[in-house]
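As structure tokens, the structure follows; a few thoughts come after it.
The values are calculated or read from the model by the stated rules, or taken from the named source; none is laboratory data. In this text, all values refer to a predicted model and were calculated from it rather than measured experimentally. All Cβ positions, even for glycine, are placed from backbone atoms using ideal geometry, and neighbour counts span all protein chains on display.
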Amino acid sequence: MESSVLVAELGPTNTGKTWRAIERMLEHDTGMMGLPLRLLAREVYDKVTARVGEARVALVTGEEKRVPLRPSYWICTVEAMPVGEPVDFLAVDEIQLCAHRERGFVFTDRLLHARGRRETWFLGAETMAPVLRALLPEVTFRRSERLSQLRSFGTKSLKSLPPRSAVVAFSTERVYELAQALRELRGGVAVVLGALSPRTRNAQVALYQAREVEYLVATDAIGLGLNLDLERVAFATLTKFDGFEQRALTDDELAQIAGRAGRHVRDGEFGTLTSAPALSPKTVAAIESHRYPAVGRLVWRSSDLDFESPLALLDSLSVGPPHERFARVERADDFDALKALATDPEVLALATSRAEVERLWQVCRVPDFRKGVLGEHPRLVKELFLQLARGQGRLGDDWLRRQVDALADLKGDLHTLTARLEAVRTWTYVSHQSGWVNDAAAWQERTRTIEDQLGDALHQRLVERFVHRSAAEGRRRRGALTPAAGPFAQLARLVERTDSDDDFVQRVVTARGGALELGPLGSISFEGEVLGRLLRGTDRLTPAVALADTRPWNGGQREQLGRRLAACARDLVSEAMGGFPVEAFTAASATPALRALAWRFARGLGVVRWDASVREHARLLDADAHRRLDAAGVRAGARFLLVERALLPAALERRVMLTAVFESRLRPAGVPGAPLIRQDALRGLDLEAWGYERVGPVAVRIDVLETLLASLDRGEALCRKYGIDPATARWLLRELRATA
């Protein structure tokens, strides 16, 4: 394997580590990211496809595989990473999970063996620094600072908990109990559980993000990568059952969850409900200062497996670790399943060759999504193996149909639907295993459809049970909605269309970019109907989008519309910077000077102020870089280096919209229409971000400024062209001549 630069970017939550890894990956021609959760992998996949398009990105999880013909980037769960696929850049997120009692051995394997050809990043908690230093002496460490502060609020009762709060418990029953209590106190809550499908989770999060409800009740599923508009996190209990025992949460586990409070640069709070013990002063200090005991040993399992027999395989999996920094995994679902079957007479009668033992191991690795009654998963694994072994490696269609169709029932309460949803995930996983089923694409579609339908039904049950619909909200039912009914109400007019929802969605998805209209406040419309709006993202280059309503659409339609809005947002950014091809100039094949300059263009939406670093980057450009920049429309002005098309009226309008959305403020009067504005109108703003430059007590639009500086001898005529009155024009030209 080629040598790879190793980087460990470590720090607390809300530092932007994952975002920086995405950006760095996209600077390379090819890349791969391993994420700890299917939900998080899907979120990152959506972000990357919104940047580069679906044709260049693969999504690989245990239950979902979307692999285009020639993908440049692979977004995966850590377990599903195709580590044999050569890529320039590779990253593994939440690397501290190397110490997880059950999953840790997979993360440890990636830490030891997964590498990008040029660059490899490990992202996670700073507690990993000592063990990484011991195992990988060549690694370069970068510490990420949290963008906002975390502060303890002590304890609060459920009744006194302010809006935009999350209450965290560690069992489904307790979550539902708290959700019911908050419904009675506050009218409604959203619920997030690890057992929810991405579709259900996203629908619940949408309720909260759109302020349909002001409270969230969740398990520790929110602790890994779920970005929400949360101001505080309140723990309802400080213990959990971890599959082995009921135990107290460690300080770093509490911090991982508490860190969901606060977003970007906004501070967050954490504490406990009065029904739980208060956090100790030591724990509070640790969470506020982000200081925790270092990880001492990583969970490990041998990857050198012996497939001569089931017992030989068990023995090879039980080998002790080769390094003092490793601890052999205590238990894992696949090992437990194999152990249960290794002495089963029916299994042993069939597992008589190396190929059959390998097949047995593949079947044992089917995840236990149901986490149900002891012994239930090994029984399922055994039946799968027997069916495959007796069917020449394939599952019979009739047998598989009986298993899958039994789960298509959408009736039942929350627990019943959740159980079916967990069960169908097994068959989704099975349908994606190479060669196990006939007509894999059809079975994948069938299981995905059932999962989507169950997810939608579960979301509806959660809303019915935990969201109180007032009489006014009741008007939102189909055909009886008013524009004032709430943040989702505008989209409701779409249901009055005579054609089907599917037809409308397909028209949106296949429409040319100009068919989606952008409103001055960031709304996105199609055929006169508001589909959604832009929301603040991590910066102006990555605005978020939200559908104007979720309830009229099923999950698949929401997904398609969401992707289309994300593409619209991507196009908006490109238009704002005059179509400057950032990715082409920041690829690994570009020179460092060109990449640095292109990144400045991206951050400035096509406008870069001349400063010492920009001049140095420009000095280092070779002839080919100059040619490429000229072809992209880059021109040197007196005060700015700029993409000419980024200063056209339409591009400036996009610039203002992105800035207004990112800064969460209304567009200042006159921006960007007026060529000259009194600086009082833009007090407290970053003028350059809005497309203006200060000249004495006024702000001049950057394109006007550069035009005047380039033609001071024609300044008066140009000022008349821009509608600047003669007295102001004379003063302005004197100022510019004095500084030219």
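Side notes on the structure shown:
- Counting residues in segment 499-511 that are part of a loop (DSSP other than H, G, I, E, B), over 20 Å from Met657 (Cβ atoms), modelled with pLDDT of 70 or more and out of contact with any helix residue (DSSP H, G or I) (no Cβ under 7 Å at 6 or more places or on another chain) gives zero.
- Members of segment 164-184 found to be in contact with a helix residue (DSSP H, G or I) (Cβ under 8 Å, 6 or more places away or on another chain) and not aliphatic (A, V, I, L, M), listed by number: Phe170, Thr172, Tyr176, Gln180, Arg183
- Unique residue being touching a residue at least 24 places away in the same chain (Cβ under 8 Å), closer than 13 Å to Gly578 by Cα and in contact with a helix residue (DSSP H, G or I) (Cβ under 8 Å, 6 or more places away or on another chain) when the list is Ala638, Ala651, Ala625: Ala651
- Residue in segment 198-214 that is more than 29 Å from Gly16 (Cβ to Cβ) and either assigned to a strand (DSSP E or B) or of a type in the set (A, V, I, L, M, F, W, C) (or both) present: no
- Residue check: Thr343 meets all listed conditions (1) outside any loop (DSSP other than H, G, I, E, B); (2) exposed (fewer than 13 other Cβ atoms within 10 Å of the Cβ) but one, namely (1).
- Listed by first and then second residue, the pairs linking a residue in segment 72-94 that is under 9 Å from Gly116 (Cα atoms) to a residue that is of a type in the set (Val, Ile, Thr), with Cβ atoms under 8 Å apart and 6 or more places separating them unless they lie on different chains, are Pro86/Thr30; Val87/Thr30; Asp88/Thr30; Phe89/Thr30; Phe89/Thr120; Leu90/Thr120; Ala91/Thr120.
- Any hit, segment 174-187, residues being modelled with pLDDT of 95 or more, aromatic (Phe, Trp, Tyr) and either within 30 Å of Lys371 (Cβ to Cβ) or out of contact with any strand residue (DSSP E or B) (no Cβ under 9 Å at 6 or more places or on another chain) (or both): no
- Any hit, segment 266-286, residues being assigned to a helix (DSSP H, G or I), touching a helix residue (DSSP H, G or I) at 6+ places or on another chain (Cβ under 6 Å) and at pLDDT 90 or above: yes
- Some residue of segment 112-120 being outside any helix (DSSP H, G or I), farther than 16 Å from Asp252 by Cβ, touching a residue at least 12 places away in the same chain (Cβ under 8 Å) and under 21 Å from the mean Cα position of the chain (by Cα): yes
- Filtering segment 303-338 to residues that are of a type in the set (S, T, N, Q) and either touching a Pro at 6+ places or on another chain (Cβ under 8 Å) or in a helix (DSSP H, G or I) (or both) leaves only Ser316.
- Pairs where the first residue, in segment 537-549, is small (Gly, Ala, Ser) and the second is in a loop (DSSP other than H, G, I, E, B) and surrounded by fewer than 23 Cβ atoms within 10 Å (Cβ to Cβ), C-beta under 7 Å, 6+ apart: Ala544/Arg536; Ala544/Gly537; Ala546/Ala210; Ala548/Phe488
- So Arg359, is it in the same structural domain as Asn438 (by TED's automatic domain parsing), exposed (fewer than 14 other Cβ atoms within 10 Å of the Cβ) and closer than 24 Å to Val437 by Cβ: no
- Enumeration of residues in segment 97-135 that are among the aromatic types (Phe, Trp, Tyr) and closer than 22 Å to Leu317 by Cβ: Phe105, Phe107
- Residue match in segment 132-155 (condition: farther than 23 Å from Thr538 by Cα, buried (at least 16 other Cβ atoms within 10 Å of the Cβ), hydrophobic (A, V, I, L, M, F, W, C) and modelled with pLDDT under 90): no
- Looking only at segment 73-105, and only at residues there that are among the acidic types (Asp, Glu) and either closer than 24 Å to Val48 by Cα or outside the structural domain of Val52 (by TED's automatic domain parsing) (or both), the one that is surrounded by the fewest Cβ atoms within 10 Å (Cβ to Cβ): Glu85
- Selection within segment 402-427 - among the basic types (Lys, Arg) and touching a helix residue (DSSP H, G or I) at 6+ places or on another chain (Cβ under 9 Å): Lys411, Arg420, Arg425
- Candidates are the residues of segment 540-565 that are modelled with pLDDT of 85 or more, touching a helix residue (DSSP H, G or I) at 6+ places or on another chain (Cβ under 7 Å) and surrounded by fewer than 21 Cβ atoms within 10 Å (Cβ to Cβ); the one that is farthest from Leu658 (Cα to Cα) is Ala546.
- The single residue among Glu9, Glu23 that is free of Cβ contacts under 8 Å to residues at least 24 places away in the same chain, assigned by TED's automatic domain parsing to the domain that holds Gly124 and not in a loop (DSSP other than H, G, I, E, B) turns out to be Glu23.
- Residue in segment 39-57 that is at pLDDT 85 or above, surrounded by fewer than 20 Cβ atoms within 10 Å (Cβ to Cβ), touching a Lys or Arg at 6+ places or on another chain (Cβ under 7 Å) and not in a strand (DSSP E or B) present: no
- Matching entry among Thr707, Thr728, Thr659 (being more than 16 Å from Leu605 (Cβ to Cβ), part of a helix (DSSP H, G or I), hydroxyl-bearing (Ser, Thr, Tyr) and out of contact with any Cys (no Cβ under 9 Å at 6 or more places or on another chain)): Thr707
- Qualifying residue in segment 226-242 (condition: modelled with pLDDT of 85 or more, assigned to a helix (DSSP H, G or I), touching a Leu at 6+ places or on another chain (Cβ under 7 Å) and crowded, with 18+ Cβ neighbours inside 10 Å): no
- Some residue of segment 267-284 being of a type in the set (Phe, Trp, Tyr) and either surrounded by fewer than 21 Cβ atoms within 10 Å (Cβ to Cβ) or free of Cβ contacts under 8 Å to residues at least 60 places away in the same chain (or both): no
- Pairs where the first residue, in segment 715-728, is in the same structural domain as Pro675 (by TED's automatic domain parsing) and the second is part of a loop (DSSP other than H, G, I, E, B) and of a type in the set (S, T, N, Q), C-beta under 7 Å, 6+ apart: Leu718/Ser711
- Contact map, segment 411-440: residues that are touching a residue at least 40 places away in the same chain (Cβ under 8 Å) and over 16 Å from Glu64 (Cα atoms) paired with residues that are part of a helix (DSSP H, G or I) and of a type outside the set (S, T, N, Q), Cβ distance under 6 Å, separation 6+ or inter-chain. Pairs shown: Leu414/Arg461; Leu417/Leu454; Leu417/Ala457; Leu417/Leu458; Asn438/Asp397.
- Among the candidates Arg619, Arg655, Arg603, the residue that is buried (at least 17 other Cβ atoms within 10 Å of the Cβ) and either in the same structural domain as Leu687 (by TED's automatic domain parsing) or not aliphatic (A, V, I, L, M) (or both) is uniquely Arg655.
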